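Reading through the structure tokens given below for one structure.
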């Protein structure tokens, strides 16, 4: 599994559009994703105090566009080179920080797409 941190409004829009196209796809040419062990580091670097986040748990075998594992911050991160087909998302989980705004726990995937 790979994971993408997503704003709730962006996920709602993706469901209306039938695919997920975040701004990074237009600006950088790919969708950022993480392996499970990388998510907390990414969240705490870029999303401190954010209350509107979801984790998209993605089955790489179901992703239509190419996935490349590329170096960033001394590690390899999965990048999705195209719009994400919604059927590749096997679970959607709320991702709130602790009371101080820091992310300390990775919520586990549940078979839920809301």
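The values are calculated or read from the model by the stated rules, or taken from the named source; none is laboratory data. Just so it is clear, the structure is predicted and the values come from calculations on it, not from any experiment. So basically every Cβ, Gly included, is an ideal-geometry build from the backbone, and we count neighbours across all protein chains shown.
Taking residue 73 and the conditions (1) under 21 Å from residue 102 (Cβ atoms); (2) modelled with pLDDT of 95 or more, which numbered condition does it fall short on, given that it satisfies the others?
(2)
So which residues in region 97-113 are modelled with pLDDT of 90 or more and surrounded by fewer than 14 Cβ atoms within 10 Å (Cβ to Cβ)?
Those that are modelled with pLDDT of 90 or more and surrounded by fewer than 14 Cβ atoms within 10 Å (Cβ to Cβ): 98, 99, 100, 101, 102, 104, 105.
Quickly run through region 4-52 and pick out the residues that are touching a helix residue (DSSP H, G or I) at 6+ places or on another chain (Cβ under 8 Å), farther than 14 Å from residue 86 by Cα and surrounded by 19 or more Cβ atoms within 10 Å (Cβ to Cβ).
5, 30, 34
Do we find that residue 80 is touching a helix residue (DSSP H, G or I) at 6+ places or on another chain (Cβ under 6 Å), buried (at least 17 other Cβ atoms within 10 Å of the Cβ) and within 17 Å of residue 22 (Cα to Cα) in this structure?
no
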